[in-house]
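To start, the structure under review is shown below, and the notes come after it.
Taken together, the values in this text are just the output of simple stated rules run on the coordinates, not laboratory data. Quantities reported herein were computed from a predicted structural model and do not represent experimental measurements. When we count neighbours, we look across all protein chains shown, and the Cβ atoms used for this are built from the backbone with ideal geometry, even at glycine.
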Amino acid sequence: MLQQSTSEALTSKPTSTRPRTPLLVHMALAYLAVFVTTAAVAQFIIPYDPAAIDLKARLSPPIGWGGSLAHPFGTDELGRDMLSRLVLSIQMSVSIGLGATGLGAMVGTSLGFIAAHLRGWIEQAILALIDFQATMPFLILALAVLAFIGNSLAVFVCLLALHGWERYARIARSLAISANAQGYASAVRQLGAHPLHVYWRHILPNVAATLIVSMTISFPEIILVESGLSFLGLGVQPPSTSLGAMVGYGRDYLARAPWVLMMPSLVISLMALSVSLIGDWLRDRFDGTLR
Amino acid sequence: MAWFALARFARAMITILVVVGFAFIVLRLSGDPALEILSNDAPPEARDAFRSAFGLDQPIWVQFFDYMTRIAAGNLGNSMREGRNALAVVIERIPITLALSVPAFLINVVIGIPAGILAALHRNSLLDRGVMLGAVAGFTIPTFVLGLLLVLVFSVQLGWLPSGGARSWHHAILPVLTLGAGGAAVLARYTRSAMLEVLGQPYIRTAHVKGVPWRLVVYRHALPNAAIPMVTIIGFMLGQLIAGAVLVESVFAWPGVGRLLVASVVSRDLPVVQCVLFLIAVTMVTSNLLVDLLYGLLDPRIRRGGQA
Amino acid sequence: MKGALLLAEGLAKAYPLRGGLFARRSQILAVNGVSVSLNKGETLGLVGESGCGKSTLGRLLLGLEKPDAGCVTFDNEVMPSSKAAAWRRLRARMQLVYQDPLGALDARLSVAEQVGEPLVIHGIGGPAKRKARVLALLALVGLSEQHGARLPHELSGGQRQRVVLARALATSPDLLVCDEPISALDVSIQAQVINLFMDIQQKFGVAMIFISHDLRAIRQISQRIAVMYLGRIVEEGITDDILHAPLHPYTRALVSAVPEVRKPRARRTILAGDPPNPADRPDGCEFHPRCPVAMSTCSNLKPLLLGSGSRGRKVACHLAAANASQPLGAH
């Protein structure tokens with residue numbers, strides 16, 4: 001047994017590894033597709049107005065626990081349809097995730113380019129900010145900012161955009177420095193191009209692939225942070241709802257109506273699990289070092 | 001090495017300065033705590049008295065300078081809610097949080113590291129896949145979801161354990177498990193990849209090909225070398241001992257630092273929030289600094305190459 | 001020197017050297033008191049060993065780097081700072097051709113886009129005019145429209161250098177600084193590219209500074225040659241004069257390495273040792289530790305670059321100066 005595993009550990013070419021449970025990866029991809037599609041078409045598929053209160057059907061269980069087809073995922077304490085609320089929550093979480101990821105990438109990349117271009121003390125200041133952001137747990141920073149600036153959706157998205165900006169900034173800075181040091185970027189600058197032209201037209205397209213990989217890592221992380229904050233009651237505020245907010249709300253009915261909490265929990269966990277599985281699979285396929 | 005240590009120390013101090021500045025700017029610029037703490041119909045004189053009592057009527061830079069001086073003197077102001085020294089309010093919560101996070105950290109290490117090593121040594125076996133799937137599940141399920149799940153099963157359904165509070169050690173079991181599972185999963189993955197990295201190195205193959213028994217290769221060469229990158233993740237986890245429990249403490253109503261922070265944020269108790277932030281910054285920065293220095297000692301390449 | 005296109009006087013550039021942590025900070029004097037003048041349409045060859053500062057000099061002349069001392073004037077105007085808009089505008093009139101054409105091209109853009117980029121940058125012509133201009137430029141350097149649609153890595157080394165040249169010529173500049181443009185190419189391609197440079201020189205009358213460590217490449221294309229050693233010009237003159245009667249012992253060594261110029265039966269001068277560390281220059285003449293004919297003066301006194309004879313010949317050598325001052329027929 002030991003001997004056999006040895007030889008496997010020693011052959012470090014990815015081609016020699018058997019494809020690792022592609023079925024799981026397929027399922028993960030399918031789940032993510034459903035997840036994102038749901039968010040995109042939410043308005044058209046919800047069976048009920050998610051705010052419609054039906055006190056006669058309070059806390060009715062989902063199908064399988066004695067529920068009826070009228071509310072396949074059950075209802076909450078005010079008789080609101082769980083399925084509709086879940087769909088809208090997914091839409092909210094995905095929108096926030098996309099917005100914050102995009103904004104964070106923009107801010108981080110710009111700061112990285114600025115640091116690479118100006119050097120000197122401005123670069124040092126940006127590096128100090130990067131250090132600070134990387135050192136402090138994001139949830140703690142977010143908590144501090146959020147409760148004091150208020151709870152509007154725009155502020156919340158901007159705050160979440162701060163998650164991961166330092167990664168883009170680091171990548172953009174180091175790639176821009178290496179591009180500037182020699183090669184195509186300095187050649188174009190030498191043609192008389194304005195620095196903005198060089199960064200926008202040459203350096204950005206050349207670093208985009210790396211940045212996009214970073215964004216796909218950030219996106220699920222941001223959704224998780226969003227859920228955590230909303231769970232604490234400090235994120236998305238009623239009447240809006242998000243996955244984390246639903247979990248937080250369902251907590252009060254843990255004993256009587258566990259489905260109120262379980263449905264959104266399941267959706268979040270499966271989302272994170274899918275992204276992780278796909279990420280691992282991609283890494284095993286494309287990274288020769290087999291991490 | 002002295003220079004390397006000094007440079008790292010300077011960076012750590014700068015980070016702490018940025019944290020203090022950040023905390024100050026965000027917390028002071030964002031509203032009028034006098035309106036929050038006192039009721040809306042409090043007379044204006046009472047508000048003014050409140051403001052001047054906490055120095056809120058001073059120009060912002062004076063407030064910042066005062067704050068810095070007070071930090072240097074170890075005085076972080078009084079809690080607006082409790083009227084006591086904020087630092088004392090925070091410090092008395094630290095052991096409560098550590099009562100959760102230290103056992104959880106032990107679980108991380110005791111389960112995570114062996115699981116990762118075994119998975120790496122038996123790469124692609126059923127064991128490996130089982131461990132990795134468990135690890136992925138463990139760290140992708142958000143801690144608050146996992147915590148509530150445990151409550152649902154062990155408190156609501158089975159009735160074995162309390163769902164919240166901190167009256168006895170029974171109350172600690174579920175939060176410790178919740179915290180421990182996530183960390184163990186992260187550590188298992190990290191250990192596995194560190195081991196695989198080392199096992200793929202030419203010197204391991206050489207040792208094995210030369211006829212050194214595989215068991216010896218693992219103990220003498222692979223494990224010590226894989227331990228070097230492990231320093232980073234373990235240092236990070238130690239830094240998280242206080243900061244990492246915010247959500248879990250909220251789920252289980254555990255009266256630690258995290259719960260204090262959330263409560264203080266909700267009630268806008270500025271000195272306490274700043275105090276917690278500062279405390280967490282110091283622990284994170286210190287652990288990062290120690291990791292850097294330890295790394296420099298363990299791996300001379302870092303020391304030489306990393307000082308630019 | 002009125003009417004000179006490019007005039008540089010007393011240029012110096014030092015780079016700080018990262019030493020040990022507590023060691024004394026030292027610096028490398030890459031260029032140390034160099035003056036250059038170049039007329040319209042003229043080509044100056046700049047030759048020297050690698051590390052002698054010739055590339056740095058090229059960058060200083062283009063204003064890509066700010067000299068520590070001295071100044072550069074182009075067309076009677078002082079070179080603006082490289083951050084200024086005026087400097088960027090001036091790029092339409094002066095261009096650099098690189099040693100490594102692949103590195104100088106963006107791997108993600110088609111060749112035609114990159115050749116046309118200077119036109120976009122400097123706002124010359126509309127889309128249709130630019131397209132025609134790009135085709136003309138490609139044709140000029142011997143490439144077809146099909147080549148224009150390709151990406152840089154889909155071309156050969158020689159073709160890439162042609163692309164870089166076409167891009168440099170897009171705005172019809174008055175000055176090209178060519179930094180070792182052929183040294184990265186196969187020997188069989190080098191001659192073709194040299195011929196291309198000569199064609200362009202004749203067709204457009206563009207002035208060039210042609211930097212190379214290889215005297216063979218330079219002699220075909222240059223009207224004048226300047227020989228650099230350790231950050232200084234040690235000899236300068238018309239190409240024929242330099243090749244057939246080198247005065248400086250270093251030039252002599254370089255010339256003797258060119259087989260076609262070397263006189264039959266003349267011994268090849270092989271220089272002993274490596275070029276000295278630019279951070280730790282010898283006293284006196286920088287060349288004296290390797291010089292086969294060094295005198296005692298050479299280790300104490302730095303020779304100046306002085307005129308020697310007619311036709312703009314200059315040399316920085318005590319021995320050459322002594323020989324020149326001897327009356328005719330004295331030996």
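Here are the numbers for this structure:
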item: Semi-axes of the equivalent ellipsoid for segment A:24-143, Cα gyration tensor, largest first, Å; result: 44, 17, 13
item: Hz values of 3J(HN,Hα) by residue in segment C:55-62 - Karplus curve (6.51, -1.76, 1.60), Gly and Pro given as x; result: 5, 4, 4, x, 5, 5, 5, 7
item: Exercise: per-residue mean of other protein chain Cβ atoms within 10 Å, A:200-211; result: 2
item: Neighbourhood net charge (15 Å Cβ-Cβ; Lys/Arg +1, Asp/Glu -1) for residue A:173; result: 0
item: Amide H contacts under 5 Å for residue B:78, placed H, 5+ residues apart; result: B:86
item: Most fluctuating residue given options A:233, A:108, A:250, as computed from a GNM of chain A linking Cα atoms under 10 Å; result: A:233
item: B:69, C:43, A:101, A:210 arranged by Cβ crowding within 10 Å, fewest neighbours leading; result: B:69, A:210, C:43, A:101
item: Amide hydrogen neighbours beyond the local backbone of residue A:235, cut-off 5 Å, H modeled; result: A:230
item: Farthest toward positive dipole pole in segment A:78-290 [+1 Lys/Arg, -1 Asp/Glu at C-beta], among A:115, A:235, A:219; result: A:115
item: Convex hull volume per residue for chain C, taking Cα atoms only, in Å³; result: 163
item: Gap separating the Cα centres of segment C:145-220 and segment A:92-163, nearest whole Å; result: 47
item: Using a Förster distance of 30 Å, the FRET efficiency for residue C:81-residue C:39 (Cβ separation, nearest 0.05); result: 0.70
item: Hz values of 3J(HN,Hα) by residue in segment A:115-127 - Karplus curve (6.51, -1.76, 1.60), Gly and Pro given as x; result: 4, 5, 7, 8, 6, x, 6, 5, 4, 4, 5, 5, 5
item: Test item: A:258-266 mean partner chain Cβ contacts at 10 Å; result: 3
item: Computed magnitude of the charge dipole of chain C (debye, nearest 20; Cβ of K, R +1, Cβ of D, E -1); result: 200
item: Amide proton proximity set for residue C:41, modelled H, under 5 Å, gap of 5+; result: C:207
item: Mean residue ellipticity (222 nm) of the protein assembly as shown, computed from DSSP H runs ≥ 4 via -39,500 (n - 2.57), nearest 500; result: -18000 deg cm²/dmol
item: Dipole magnitude (debye, nearest 20) for segment C:198-238, charges at Cβ of Lys, Arg, Asp, Glu; result: 40
item: Summed side-chain charge close to residue C:148 - residues other than residue C:148 whose Cβ falls under 14 Å, Lys, Arg +1, Asp, Glu -1; result: +3
item: Whole-Hz couplings from phi, Karplus 6.51/-1.76/1.60, listed for segment A:271-282; x for Gly and Pro; result: 4, 4, 4, 4, 4, 5, 4, 5, x, 4, 5, 4
item: Cα lying deepest toward the dipole's positive end in the protein assembly as shown, options C:80, B:140, B:110, charges on Cβ; result: C:80
item: Segment residue A:181-residue A:49, length gained on full extension (0.36 nm per residue, minus Cα span); result: 41.7 nm
item: Among C:156, C:35, C:222: highest mean-square fluctuation, GNM of chain C, C-alpha pairs under 10 Å; result: C:156
item: Net dipole in debye of segment A:78-290 [+1 Lys, Arg Cβ; -1 Asp, Glu Cβ; about Cα centre; nearest 20]; result: 260
item: Among B:156, B:239, B:125 the positive-end extreme of the charge dipole of segment B:94-255 (Cβ point charges); result: B:125
item: Exercise: per-residue mean of other protein chain Cβ atoms within 10 Å, B:155-162; result: 1
item: Stretch gain in nm, segment residue B:129-residue B:206, where the contour uses 0.36 nm per residue and the Cα spacing is subtracted; result: 24.9 nm
item: Rg over Rh, two decimals, the protein assembly as shown (C-alpha only, Kirkwood Rh); result: 1.07
item: Residue order, fewest to most beta carbons within 10 Å, for C:115, B:151; result: B:151, C:115
item: Chymotrypsin sites (Phe, Trp or Tyr not before Pro) restricted to DSSP loop in segment B:126-197 with at most 11 other C-beta within 10 Å; result: B:160
item: Viscosity 0.692 mPa s, temperature 37 °C, Stokes-Einstein D of chain A from Kirkwood C-alpha radius, µm²/s; result: 151
item: Per-pair calculated FRET efficiency, R0 = 25 Å: residue B:10 and residue C:68 via Cβ, rounded to 0.05; result: 0.25
item: Mean separation of Cα contacts under 8 Å, 6 or more apart, over the residue count of chain C: relative contact order %; result: 19
item: Cleavage-rule hits, trypsin sites (Lys or Arg not before Pro), segment B:141-248, DSSP coil, Cβ neighbours within 10 Å at most 14; result: B:167, B:210
item: Value of relative contact order over chain A, rounded to a whole percent, pairs C-alpha under 8 Å and six or more apart; result: 24
item: Highest-MSF residue in chain A out of A:201, A:173, A:251 [GNM, Cα springs under 10 Å]; result: A:201
